[in-house]
Amino acid sequence: MDHSHHHAIAEFSYWLAFMTGLLGSGHCLGMCGGLVSGFFMKLGAKGVWPYLAYHSARVGIYTMVGVIAAAIGAVLVSTGQFGKLQGVLQIVAGIVVILLGLDLLGVSPFRNRLGFAPIAWLRKQFTLAVQKGPVVGALIGGAINGLMPCSMTMAMAVKATTAPSILEGGLLMLAFGAGTLPSMLSASFLFGKLGPKLRGWLLKGAALFVIALGVSTLWQGIRFYGVMRNLLG
């Protein structure tokens, strides 16, 4: 795979990740909008700093998850025949991402119940963060929000395991996080103003981008595995 082809695939993945976050506005507002707006009301946030702290921490956690996921992927493919294992990892990741996209559409044979941390513990920490003051509390709250269980976030993290480098894994999750910023920054204003029907359509759009990302990853894995199998015998 030449450098220009790799560059084109990377840009395509970043764009899909960003659009997933952007179109996931309805899902973000439905799942976290009330929690976020309630948090800021309890926090008594004034000025721009608490909001910047919150969302910087949230997107920072996404980026860190991407780095860790890419590192795990790198370890997995370095434990044997590098080429073949990289192809297999991409195939498995593609299938998982597709299933998570179908889960978002509500047509998956299974429901995603996985998260980066236990939801009950996260909610408790979210409540305790209010007591830490506007900026520190916002930093803690944003970090906790970034760990909330979500099929979209999980799909991006699985995709990040197939990133060619640790840096690119982080950048993929950063692109996703950047896509979520418009809705999450305005959560306290928009929550309740987007009806369930519109949120549903936005979620369907995000799910289709997740599925497209999964199909792209699966196809890359099949092609890569075929090439490496012929080379390695």
request  = Among the residues of the range 161-182, write down those that are in contact with a Phe, Trp or Tyr (Cβ under 8 Å, 6 or more places away or on another chain) and of a type in the set (A, V, I, L, M, F, W, C).
outcome  = LEU171, LEU172, MET173, LEU174, ALA175, PHE176, ALA178
task = Taking the residues in the range 147-176 that are in contact (Cβ under 8 Å) with a residue 60 or more places away in the chain and among the hydroxyl-bearing types (Ser, Thr, Tyr) as candidates, determine which candidate is nearest to PHE18 (Cα to Cα).
result = THR153
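Taken together, the values in this text are just the output of simple stated rules run on the coordinates, not laboratory data. A quick note: this is a predicted structure, and the numbers were derived from the prediction, not measured. A quick note on method: Cβ atoms are made from the backbone with ideal geometry, for glycine too, and the neighbour counts reach across all protein chains shown.
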